[in-house]
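So the structure is just underneath, and the comments pick up after that.
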């Protein structure tokens, strides 16, 4: 199993266009969730954002306080080309584990599955630390696929997700996505968790 996925690993994936996870647009589960949000002033974080079609969609819908974080510079540059008016101070070229601050809402778009499994407990702790009281962690995880350990992505089972998240968060929704895009049907788990 890969033991570390550093900046050079992820930069190389973007430079070589080896981005099988990138569908080129926001996917249905997060779009549907965003479409029902009313408070455009929420302080939102998207860690491990990649090309961050979610941040682009949020920005175009009038959300004014969105922060995008990625360890690789290439996806942040891609994002700037697509959204040149997006506030540059909200684009952070940073390791997620070095991030501080507090957010009302954090979007998970398969970032968890991009991390080596040894970092999963640290991920859960960091997410909890970054959320305001009553803050939400909402998003999509891959499950029941890619379980050979040779990822990324590194999948997990429903029970593994329960073991990681539910001792630390309250589940408002914790189930298989009903509205995944066709190639991902049956392989995505949707979470809506509060601290």
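Against the conditions (1) without any contact (Cβ under 8 Å) to a residue 60 or more places away in the chain; (2) within 24 Å of residue 152 (Cβ to Cβ), residue 40 satisfies every one except (2). How many residues does the range 101-112 contain that are surrounded by fewer than 18 Cβ atoms within 10 Å (Cβ to Cβ) and under 18 Å from residue 55 (Cβ atoms)? Result for the range 101-112: 2.
Pairs meeting the criteria (first residue in the range 148-167 and farther than 17 Å from residue 116 by Cβ, second residue at pLDDT 90 or above and assigned to a helix (DSSP H, G or I), beta carbons under 7 Å, at least 6 apart or on different chains) are 165/124.
Check whether at least one residue in the range 156-168 is in contact with a helix residue (DSSP H, G or I) (Cβ under 6 Å, 6 or more places away or on another chain) and modelled with pLDDT of 90 or more, and report yes or no. Yes, there is a match, as at least one residue in the range 156-168 is in contact with a helix residue (DSSP H, G or I) (Cβ under 6 Å, 6 or more places away or on another chain) and modelled with pLDDT of 90 or more.
The values are calculated or read from the model by the stated rules, or taken from the named source; none is laboratory data. Here the structure is a predicted model, which is why all the values come from computation and not from measurement. All Cβ positions, glycine included, derive from the backbone under ideal geometry; neighbour counts span all protein chains shown.
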